[in-house]
1. Just checking, which of A:Ala156, A:Ala189 is more than 8 Å from every other protein chain (Cβ to nearest Cβ), out of contact with any Gly (no Cβ under 9 Å at 6 or more places or on another chain) and either surrounded by fewer than 24 Cβ atoms within 10 Å (Cβ to Cβ) or aromatic (Phe, Trp, Tyr) (or both)?
2. Closer than 22 Å to B:Val65 by Cα and either more than 10 Å from chain A (Cβ to nearest Cβ) or touching a helix residue (DSSP H, G or I) at 6+ places or on another chain (Cβ under 9 Å) (or both): does that describe B:Arg175?
3. In region B:99-128, which residues are in a loop (DSSP other than H, G, I, E, B) and over 19 Å from A:Glu33 (Cβ atoms)?
4. Which of the residues that make up region A:11-28 are within 15 Å of DNA strand C (Cβ to nearest atom), surrounded by 20 or more Cβ atoms within 10 Å (Cβ to Cβ) and not small (Gly, Ala, Ser)?
5. Go through region A:35-61 and give me each residue that's under 17 Å from A:Ala118 (Cβ atoms) and within 12 Å of DNA strand D (Cβ to nearest atom).
6. Here's a check for you: in region B:29-51, which residue that is more than 14 Å from DNA strand C (Cβ to nearest atom) and of a type in the set (S, T, N, Q) is farthest from the other protein chains (Cβ to nearest Cβ)?
7. Among A:Thr166, A:Thr188, A:Thr144, A:Thr155, which is the only one that is free of Cβ contacts under 8 Å to residues at least 60 places away in the same chain, in contact with a Phe, Trp or Tyr (Cβ under 8 Å, 6 or more places away or on another chain) and at negative phi?
8. Every residue in region B:171-186 that is in contact with a Leu (Cβ under 9 Å, 6 or more places away or on another chain), of a type outside the set (A, V, I, L, M, F, W, C) and surrounded by 24 or more Cβ atoms within 10 Å (Cβ to Cβ), please.
There are 2 protein chains.
Amino acid sequence: MDTPEVRRGRPLTFDRAAALAAATRLFWENGYEGTSINDLTQAMGIRPGSLYAAFGDKRSLFNEVIEAYGRSPAGELIWAAMHREPTAFDAFRRILLDAAAMYTDPETPAGNLLCSAAAADTDVATYMRDLRNASVGTFEKRLTTARQEGELPATADPRKLAAFFTAVMHGMSQRARDGATAAELTDTAELAMDSWPAR
Amino acid sequence: MDTPEVRRGRPLTFDRAAALAAATRLFWENGYEGTSINDLTQAMGIRPGSLYAAFGDKRSLFNEVIEAYGRSPAGELIWAAMHREPTAFDAFRRILLDAAAMYTDPETPAGNLLCSAAAADTDVATYMRDLRNASVGTFEKRLTTARQEGELPATADPRKLAAFFTAVMHGMSQRARDGATAAELTDTAELAMDSWPAR
DNA sequence: CTCCTTGTTGAATGATCGCTCAAAAAAAAC
DNA sequence: GTTTTTTTTGAGCGATCATTCAACAAGGAG
């Protein structure tokens, strides 16, 4: 929003977005404490001083990585499907099918960054846990609406379904990390949709 | 099998099994590199020298932890259900329901050790990945038998089903780590069984 | 008792961890 | 030109990492 017209002082000698992308890839593949400052500076092509001047400390850089991921197609997967698909069924099918494709995208590390980038540090762990848990609430809200609108039978339980689809989604991320192909994950997605309550 | 009748030299001053259990808990909660030798010696109540004498290096200790877990009820979950339940349907239902209970057992850390104890180290990561992937093969074999015996329709695809149940199981582990209750996971397990092919 | 074997101890190893800082460098402002 | 602002550099900080080792302790074997 507020892009300063003229930047004073010495300009950055590196592409900030590219450096952030390199950091993202490392955290994605090796997790928070599995990625060292040395690994980062190497991959980003800068020295520690530049990293700390541009991104703050390791934790701040990680936060920025997570935020950028949230604004990427992979991070907006759920939001996009919710707003573009007409029915709840279509939305959840779209979410799982997109996840199958994105979790196996050869351009990025396998799986979901929020599931893959494990962290032992308590603060970081709870931060990511909250982000993962957020999908349950989002799912439940959409399913409740679907039931009110009659798309789902009155016997259907939005909370149970929300938990189920979250588990499938996170399980697909693990499978992708373990080498599952896009085809396998697509099949898993379709099988999961078989659990959609009959009218 | 070969328990030496008489032990020569100075005896261990600590309970080896208890120490291994303490190490298991740490690796389970914080992962491989998230657990330091200092953390381990503290929790096991021994000093580094004793740890290295009794278990070898960190990697060897981790291997022993994984092996012991594989012989525990949580690790033998799949094998037990396969051999005790009469039908494939009952076996897979049992696996998911037992997983729901064990992944939320308050006596142990949440989730499945093989899913939770993330590792950035390449060797350790592939070691654990292979163990996780093993369930897909086991599942597929049982499902193939079920189809041959007529329990599953000819149209059912054992490989797809095996991948699906593995994804659900690993997703349940992630959900447990994120705070899901036993009730939630049980509901997820039941919903997953709705994907079982109709005859 | 003396050997022999094994375990424990406490200190210390070099490597790597996240991180900092004074000095030099590159730009705009004056 | 000089000043001011910002970034880069390269060295280095203390802390922690996994690991080792000589000295000592505790048991069985002779």
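1. Sole residue among the options that is more than 8 Å from every other protein chain (Cβ to nearest Cβ), out of contact with any Gly (no Cβ under 9 Å at 6 or more places or on another chain) and either surrounded by fewer than 24 Cβ atoms within 10 Å (Cβ to Cβ) or aromatic (Phe, Trp, Tyr) (or both): A:Ala156.
2. no
3. Once the filter is applied, which keeps residues that are in a loop (DSSP other than H, G, I, E, B) and over 19 Å from A:Glu33 (Cβ atoms), region B:99-128 yields B:Tyr103, B:Thr104, B:Asp105, B:Pro106, B:Glu107, B:Thr108, B:Ala110, B:Asn112.
4. A:Leu26, A:Phe27
5. A:Ser36
6. The selected residue is B:Thr35.
7. Just one listed residue meets the conditions, A:Thr166.
8. B:Ser173, B:Arg175
A short reminder: the numbers here are calculations on the coordinates, not readings from a lab. Not measured: the values here are computed from a predicted model. Reconstructed Cβ throughout: ideal geometry from the backbone, glycine too, with neighbour counts over all protein chains shown.
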